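Worksheet: one structure, shown below.
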Amino acid sequence: MKMQKWEKAIEYVLIGVIVFIGFVSLFYSWIDSAFNIIVNIYLLTGLAVAVSLAVVLIVMAFDER
């Protein structure tokens with residue numbers, strides 16, 4: 001059964017949110033353990049948004065449903 005456009009949009013949003021949360025926690029723990037500094041929340045959020053957007057765009061490019 002073919003997915004409708006709004007179903008695909010919800011799927012991509014869910015992928016983006018899950019990947020964003022994962023990258024925030026991953027980057028925070030990595031930067032904290034590697035450099036032993038307090039992480040700037042705006043830099044961390046921007047980095048996670050950029051990586052999450054890239055992951056979602058890659059998924060969209062290879063999705064052929």
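The values are calculated or read from the model by the stated rules, or taken from the named source; none is laboratory data. These numbers come from a predicted model, not from an experiment. Positions of Cβ are generated from backbone atoms using ideal geometry, with glycine treated the same way; all protein chains shown enter the neighbour counts. The protein model used for the area step is the full one, side chains on, heavy atoms only, and it has no ligands, DNA or RNA in it. Shrake-Rupley method; radii C 1.70, N 1.55, O 1.52, S 1.80 Å.
A compact table of results
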| read-out | value |
| --- | --- |
| Members of the range 1-13 that are more than 13 Å from MET60 (Cβ to Cβ) and either hydroxyl-bearing (Ser, Thr, Tyr) or in a helix (DSSP H, G or I) (or both) | TRP6, GLU7, ILE10 |
| Search result, residues across the range 36-50 that are part of a loop (DSSP other than H, G, I, E, B) and open to solvent by less than 40 Å² (accessible area, probe 1.4 Å) | VAL39 |
| Residue in the range 23-35 that is assigned to a helix (DSSP H, G or I), at pLDDT 90 or above and exposed (fewer than 15 other Cβ atoms within 10 Å of the Cβ) present | no |
